[in-house]
Each structure stands twice: as C-alpha cells, then as structure tokens.
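Each value in this text was obtained by applying a stated rule to the coordinates, not by laboratory testing. Since we're looking at a predicted model, the values are computed, not measured. Ideal geometry is used to build each Cβ from the backbone, glycine not excepted, and the neighbour counts take in all protein chains shown.
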Amino acid sequence: MKDNVICRLLKIRYPILVGGMTWVSEAVLAAAVSEAGGLGTIATGNMPGELLRDEVRKLRTLTDKPFAVNLIMLSPNFRDCLEVVKQERVPVITLGAGNAGPFIADLKKAGVIVIPVVNSVALARRLERSGADAIVAEGEEAGGHIGDTSTMPLIPQMVDALSIPVAAAGGIADGRGMAAAFALGAQGIQLGTALVVAHESRAHDNYKEIIVKASDRATAVTGRSINKPVRALKNMLTQEFHEMEGQGAPWEEIEGLAVGRLRAAVMEGDVTRGSVMMGQVAGLVKRRASAKEILDGVVAEFNEVMEKIGGYRIPAGGFPADP
Ligand code: TUI
C-alpha cells in the first residue's frame with residue numbers, strides 16, 4: 001500500500017484526524033497533532049469569530065502543516081466563524097451537529113476542503129451530492145453529541161453508499177480499533193478521547209485522570225428524551241439529567257442543566273457536576289503521553305495488527321473440529 005486517499009486529500013502523513021472537541025481542541029493540541037503527521041483541529045464550539053481568528057493565527061505560529069477547524073451548526077456564532085474560515089484561508093473544515101449541506105458550495109468556492117461529521121447514511125448521501133470531499137462517520141460510542149448507530153454497522157453502510165472517502169469515528173483509541181475500521185472499509189480514523197489525555201491537551205488534570213481510570217461502563221447517555229443524546233462520564237450531572245428526563249421535564253429545563261457544564265469540566269476540572277464528555281473507549285486509554293507518542297503508537301499497533309491478521313485464513317472447508 002503506497003498511498004492513502006485521505007492523506008492525499010489533506011496533505012498529511014497519517015490518516016488520523018482529531019475530533020472537534022469543544023474547549024479541548026485548541027491551537028496547541030491541534031499544532032502538536034499536525035506536527036505529528038495527523039490533522040490537528042481547532043474546535044469552535046460557541047466561540048465568537050474573532051476568537052477563532054486568534055486561535056488560527058496562533059496555530060500558524062506553531063506549525064506550517066495542514067489543520068482543520070470544526071464548526072458546530074448549533075452555535076450562535078456559526079456564520080461569523082464561517083467567514084473567518086474563508087478569510088483566514090483555513091485548509092479544511094469539519095462540521096458537526098447539523099446538516100452542513102447549505103454551506104458546502106460556498107466553502108468549496110473559497111477553496112476549503114469540507115468534511116461533515118455524520119451518523120446517518122441518508123444525510124451522508126445528501127452531503128456527498130452537495131459536494132462534500134469526505135465524511136467522518138461517527139458511531140454512538142463517541143463522546144459528546146451522538147447519533148443512534150454504532151461504528152461497527154455504520155462504517156460499512158457508509159462505505160457502500162458513498163464514493164467519497166470515509167473516516168471512522170467513535171470507539172477508536174488504538175491500532176486495533178484503527179485496523180478494525182479499515183477492515184470495514186474506512187480509509188482513515190478520527191480520535192477524540194485518546195487525545196484528551198495528551199500532554200499538549202489543555203483539559204484539566206482531573207479530566208485526564210478520570211479518563212485514564214475509567215472502566216468500560218464509565219459513560220452514560222443523557223438527552224435521548226429531547227432528541228439530543230450526549231455521551232459523558234456517569235456522575236452527579238448525568239444522574240440529575242436522568243431524573244429530570246424521567247419526570248418528563250420540558251426540554252428548556254433539561255438543556256438549561258447543561259449550560260456551562262462542559263467548560264466547568266474541561267477548564268476547572270469539575271468532574272462531579274461538570275459534563276465530562278468522553279467516548280466508550282475511555283476504558284482503553286490507560287496512559288498519558290504526548291500527541292506524537294499517541295499517534296505513533298496507534299500507527300505502530302495498526303501495522304502490527306495488519307501484519308498479524310494479514311495472513312490469517314480460514315482453510316477451505318473450515319477448521320478441523322478435532323485438530
Ligand atoms: O458534533 C458532534 N459532537 C459534539 S458537538 C458538541 S457541542 C455540545 N456541547 C454541549 C452540549 C451538547 C453539544 C459535543 N459533541 N459530533 C458530530 C455529530 N453530528 N454527531 C451527531 C451529529 C449530527 C446530529 C444531527 C449530525 C446531523 C444531525 O442532523 C441534522 C439534520 O438537520 O438532519
């Protein structure tokens with residue numbers, strides 16, 4: 001294998017993107033990932049356009065490698081951030097939490113590579129027709145705002161439905177997960193939780209320690225009753241969400257409970273009442289390391305796994321039952 005379609009498209013060495021993690025994915029982590037050979041990402045969350053401009057300029061003092069900006073269509077500053085992306089000649093954007101369709105043509109005209117993050121095949125098909133360059137297909141194992149389908153069934157259905165490249169997200173933190181995604185037809189992956197613990201990540205120490213200590217059952221999904229499912233660490237906040245949802249509280253009240261909680265977790269380390277968004281792979285993330293060590297480790301393990309299973313065959317007629 002000499003070439004990878006996502007590396008060629010994005011001019012990167014490893015087909016590894018970073019999730020647009022609000023508050024976590026900022027210039028320093030993004031630059032470290034891009035320097036390590038992946039595609040670093042600045043997440044905007046609800047950030048005003050001018051703050052995004054500062055982040056993009058800061059990143060450019062740290063690396064000359066390609067990077068992405070992640071926009072969330074729910075944000076009140078979405079349109080301002082779109083303008084900044086064009087003015088600052090950001091090479092790649094990823095778009096989550098909404099239908100990116102109406103914005104693709106304009107961004108393409110400005111020369112931006114557009115990669116929507118989606119959880120449904122129907123939306124991905126529409127976005128391909130609207131001109132998306134690639135898709136990040138995100139399974140419900142992911143942290144944060146999620147869809148309904150998990151990565152294992154989602155990726156092959158996306159790959160079958162689309163002609164553009166697919167990167168897999170949700171449930172991937174190591175080379176085994178990456179190899180599984182490639183077996184399903186993905187040409188790249190997106191890491192989130194695995195990079196929250198990077199030395200260059202500004203997530204509070206408490207947040208990183210919670211991930212490193214997490215078990216397989218550490219996360220819960222809240223907000224299903226209001227059609228806004230979010231995966232995060234099970235804690236007092238998720239319990240409060242579930243109680244409120246169980247009582248059939250109005251959506252304004254449920255959403256109100258979330259305000260400021262992600263910031264409290266990431267920036268202040270409030271892991272009991274904050275929203276500690278993390279994927280189900282938190283239980284797999286056992287070590288804090290630099291972004292470069294994390295990416296190199298994933299790639300080395302991917303190659304080991306491919307080597308090991310590359311020659312694996314089921315013999316004609318199957319294995320002998322009594323060898
Ligand atoms: O966007 C994400 N993950 C996120 S965004 C986020 S910000 C947030 N902060 C506080 C509370 C809640 C959210 C945290 N995590 N992933 C990509 C993604 N996009 N997952 C699901 C979707 C999605 C959802 C609905 C995409 C499209 C969609 O439907 C749009 C439509 O109109 O058809």
(request) Arrange the following residues from fewest to most other Cβ atoms within 10 Å of their Cβ: Met1, Met21, Met244. (result) Met1, Met244, Met21
(message) Could you work out the pair-distance distribution P(r) of segment 170-323 from its alpha-carbon pairs, with 10 angstrom bin width and percents rounded to whole numbers?
(response) 11, 32, 27, 18, 9, 4, 0
(request) Take the alpha-carbon centre of segment 130-193, take the same for segment 221-262, and report the distance between them in whole Å. (result) 26
(request) Please go through the residue pairs Lys58/Lys86; Lys109/Lys228; Lys2/Lys308; Lys234/Lys286; Lys11/Lys109 and name each one whose alpha carbons sit more than 23 Å apart in this structure. (result) Lys109/Lys228
(request) Take His199, His204 and order them by how many other Cβ atoms sit within 10 Å, fewest up front. (result) His199, His204
(message) List the residues, sorted by chain then number, that are 5 or more residues from Ala68 or on another chain and whose placed amide H is less than 5 Å from its amide H.
(response) Gly40, Thr41, Ile42
(request) Kindly provide the pair-distance distribution of segment 237-307 built from C-alpha pairs, with 5 Å bins from 0 and whole-percent values in order of increasing distance. (result) 3, 13, 14, 17, 15, 10, 8, 9, 7, 4, 0
(message) Let me see the P(r) profile for segment 198-255: every Cα-Cα distance counted, bins of 5 Å, each bin given as a percent of all pairs.
(response) 4, 17, 24, 18, 14, 13, 8, 2, 0
(request) Find how much the distance from Lys286 to Lys11 grows on full extension, using 0.36 nm per residue of separation minus their present alpha carbon separation; answer in nm with one decimal. (result) 96.0 nm
(request) State, to one decimal in nm, how far the label point of Asp216 lies from the label point of Arg202, with both points 7 Å from Cα in the Cβ direction. (result) 3.6
(message) Starting from 0.36 nm per residue, how many nanometres of slack lie between Trp251 and Arg60 once their C-alpha separation is accounted for?
(response) 64.7 nm
(request) Report, as a whole number in µm² per second, the diffusion coefficient that Stokes-Einstein gives for segment 223-278 at 10 °C and 1.306 mPa s using the Kirkwood radius over alpha carbon pairs. (result) 142
(request) Treat every Asp and Glu Cβ in segment 225-312 as -1 and every Lys and Arg Cβ as +1, leave all other atoms uncharged, and give the resulting dipole magnitude about the Cα centre to the nearest 20 debye. (result) 260
(message) Given the C-alpha atoms of segment 41-115, compute the convex hull and give its volume per residue in Å³.
(response) 74
(request) Would you grab the residues whose amide H sits under 5 Å from the one on Met47? Only those 5+ places off in sequence or on another chain, please, with H modelled 1.01 Å from N. (result) none
(message) At a threshold of 8 angstrom on Cα-Cα distance, excluding pairs fewer than six apart, so keeping six or more, what relative contact order does the chain reach in percent?
(response) 16
(request) Please list the radius of gyration and Dmax for the chain, considering alpha-carbon atoms only, with Å as the unit. (result) 19.4, 69
